[in-house]
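Down below is the structure, laid out as structure tokens.
The values are calculated or read from the model by the stated rules, or taken from the named source; none is laboratory data. Since we're looking at a predicted model, the values are computed, not measured. Cβ sites come from the backbone with ideal geometry, for glycine too, and all protein chains shown count toward neighbours.
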Amino acid sequence: MTDPEAVETREESVYQPSPEFVRRANVRGMEAYRALYARAERQPEEFWGELAERELFWFEKWSHVFEWAPPFVKWFVGAKTNASYNCLDRHLATPRRDKTAILWEGEPGDQRAISYFELHRLVSRFANVLKARGWRAGDRAVIYMPMIPELPVAMLACARLGITHSVVFGGFSAEALKARIQDLEAGLIITADGGWRRGREVRLKETVDEALIECPQVRDVIVYRRTAGAVSMKAGRDLWWHDLDEGASDVCPAEPLDAEHPLFVLYTSGTTGKPKGILHSTGGYLAQCVATMKWVFDLHEDDVYWCTADIGWVTGHSYIVYGPLAAGATTVMYEGAPDFPHFDRFWQIVEKYRVSIFYTSPTAIRALIRQGEQWPDAHDLSSLRLLGSVGEPINPAAWEWYHRVIGKGRCPIVDTWWQTETGAIMISPMPGAMPLKPGSASFPLPGVQADVVDVYGKPVEAGKEGFLIVRRPWPSMLRTIWRDPERYKSQYWGRLPGVYFTGDAARRDAEGYITVLGRVDDVMNVSGHRLSTMEIESALVRHPSVAEAAVVGRPDELTGQAVCAFVTLKKGAADHQQLGEELRRWVAHEIGGFARPAEIRFTESLPKTRSGKIMRRLLREIVTTHSVTGDVTTLEDMAVVSRLAAED
Ligand code: WT7
């Protein structure tokens, strides 16, 4: 601190919120943040109880705020509520009745503005459709849809009746979809003929048909007509949404459900080949979603809020659907690609709808940086007042560009750290409270006891790298892994005794700012999407020519990490170049296009420990430092090196 140069560089990279921003902010100044944090620390029951009472509707109140029987937690014990009621009905008795809930733009340029009143009507009708088909609380529905308003309508209709939904991202393949339907034992599928992406039809129903060949328990497939492309409808199983909707009543009361009722399961990749069904419940999840809308996005009644994520990921669940709607916001939804028809589609939408809060991923920002400032500069972005980032670390250069070129130096940036498992934002600036440091997610939110610790669970010194952990349960925490409580225990609560293990590395500076550095496990982050090395390896070895595969993340300027696969072949497999292409396509077929390896490297052998474990760490080193080129001889040398390393 005494080094004047260090002080200078530090000051250079700190951004103060403007006095105008602070004046209107929901949380003003560092002292206000500290007071909130301290209260949540000292009196968690009172803190969350008051918040839940103020921000949400409850059919019946709780007996106590939480019950912690490590590692299982319940929030708002004994209370009755309903997520759909909180997102819709509650607003109808207020001036929000005619406010726009969803501002939707289709990729071809079609648009819809749906008021809370109208959304309530659509959801009630579809809930009646589901009810009439015999679906009820406790059943599971898989939703596989494009980014159209009927996707949140389907989610909210399920939530209205207590049907647990699992949205599967439209980019997943039939194989991946099938695995999720089977694991969830879902009997109901809600889908569409297709959606639009870069001018082409993504034929979702076709994928569903392929997935369902091995899902005999599926009784109903409800198909919304979006693209009017050709589909085949299987008699006795497949039903058109519009046929069922005809004559459905507009009145469908929301079921009073237990606060712990499972709202949704969302699959995410872990460190094995099998995806994990992350289970979220109702009351606590909604409470933290709404709280973070106000704290982090500084939501005001007149904001037009846009999160560019896909609803198939947790970001879309919490920050396109449940958070914004429970908070009574206007939430923008866009169907297609950011570069279609041109690189200014985002900025065109911001200008057109006067978006005031804009939330996107570092990968999207970096991709737009590449295209040049002329694209944003051609649009009036003066409606923007706050920017957000999520999904992966944002490098300071991208942060500065975002701040200068998109925010015109006026808009604070909230770098929000969280996970599918955490349900809602955990570490983030409150934009009117704290000065920002590019690349840092800054401070834990009230009620979040985040820490950076060493392998023994001891807090590390300022400036040192360690594991990011959370000490106490928070309201929107995952409740378990679907049908696998043992994996839940060991994965999250068994690594370091008594604390939640995030799988991320982080560093905290002398002022307490946390910078999240990336994963410490066999999980990759490609364009903000979580991918498991093991899952891709399993996909590769299912190919008839592949003997073994090892997958690692390689640093990539655009996507953060890129998938790099080392492959050994069975005898007789030839023509590497063609096979490389085929294997890339194969992975896309087995998992989805977004998991397609950037690179396939063929090798004679893989470096392994004596017990036969592939040493991914060595391979990571190879692809990161480039100190070893990927030819056969060197890799064999590496295998020797690894064997020696394992022996001492
Ligand atoms: C992983 C969670 C949170 C919704 C989208 C991703 C990484 C997320 C940040 C951030 C640095 C971040 C972490 C985390 N991550 N946000 N602001 N800074 N890293 O959800 O697929 O569950 O992935 O994304 O590594 O563990 P997810």
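Some notes on this structure:
- Filter result (within 14 Å of the ligand (Cβ to nearest atom) and among the hydroxyl-bearing types (Ser, Thr, Tyr)) within segment 355-380: TYR359, THR360, SER361, THR363
Here is a yes/no grid of residues against (1) within 16 Å of the ligand (Cβ to nearest atom); (2) in a loop (DSSP other than H, G, I, E, B); (3) within 25 Å of the chain's Cα centre (by Cα); (4) at pLDDT 95 or above:
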position: ALA424; (1), (2), (3), (4): yes, yes, yes, yes
position: MET430; (1), (2), (3), (4): yes, yes, yes, yes
position: SER440; (1), (2), (3), (4): yes, yes, yes, yes
position: GLY447; (1), (2), (3), (4): no, yes, yes, yes
position: ASP451; (1), (2), (3), (4): yes, no, yes, yes
position: ILE469; (1), (2), (3), (4): yes, no, yes, yes
position: ARG472; (1), (2), (3), (4): no, yes, yes, yes
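- Matching entry among THR330, THR308, THR282 (being under 21 Å from LEU119 (Cα atoms), within 18 Å of the chain's Cα centre (by Cα) and more than 13 Å from the ligand (Cβ to nearest atom)): THR282
- Which numbered condition PHE297 misses (of (1) of a type in the set (A, V, I, L, M, F, W, C); (2) over 20 Å from VAL153 (Cβ atoms); (3) part of a strand (DSSP E or B)): (3)
- Screening THR268 on (1) more than 18 Å from the chain's Cα centre (by Cα); (2) touching a residue at least 12 places away in the same chain (Cβ under 8 Å); (3) surrounded by fewer than 24 Cβ atoms within 10 Å (Cβ to Cβ) shows it passes everything except condition (1).
- The set of residues in segment 506-557 being more than 9 Å from the ligand (Cβ to nearest atom) and under 30 Å from MET30 (Cβ atoms) consists of ARG507, ARG508, ASP509, ALA510, GLU511, GLY512, TYR513, ILE514.
- Residues satisfying the stated conditions in segment 237-256, i.e. surrounded by 15 or more Cβ atoms within 10 Å (Cβ to Cβ) and not in a loop (DSSP other than H, G, I, E, B): ASP238, LEU239, TRP240, TRP241, LEU244, ASP245
- Test result for LEU151, more than 20 Å from THR282 (Cα to Cα) and either surrounded by 23 or more Cβ atoms within 10 Å (Cβ to Cβ) or over 25 Å from the mean Cα position of the chain (by Cα) (or both): no
- Selection within segment 74-87 - surrounded by 20 or more Cβ atoms within 10 Å (Cβ to Cβ) and either among the aromatic types (Phe, Trp, Tyr) or not in a helix (DSSP H, G or I) (or both): LYS74, TRP75, PHE76, ALA79, THR81, ASN82, TYR85
- Filter result (surrounded by fewer than 19 Cβ atoms within 10 Å (Cβ to Cβ) and touching a strand residue (DSSP E or B) at 6+ places or on another chain (Cβ under 7 Å)) within segment 448-467: GLN449, VAL453, ASP454, PRO459, VAL460, ALA462, GLY463, LYS464, GLU465
- Among the residues making up segment 334-380, those that are under 17 Å from GLY109 (Cα atoms) and either of a type in the set (Lys, Arg) or assigned to a strand (DSSP E or B) (or both) are TYR334, ARG345, LYS352, ARG354.
- Out of ALA211, ALA259, sole residue that is under 30 Å from TRP474 (Cβ atoms) and crowded, with 21+ Cβ neighbours inside 10 Å: ALA259
- All conditions but one from (1) more than 18 Å from LYS437 (Cα to Cα); (2) modelled with pLDDT under 95 apply to ALA69; the one that does not is (2).
- Taken together, the residues in segment 381-422 that are in a loop (DSSP other than H, G, I, E, B) and within 15 Å of the ligand (Cβ to nearest atom) amount to 11.
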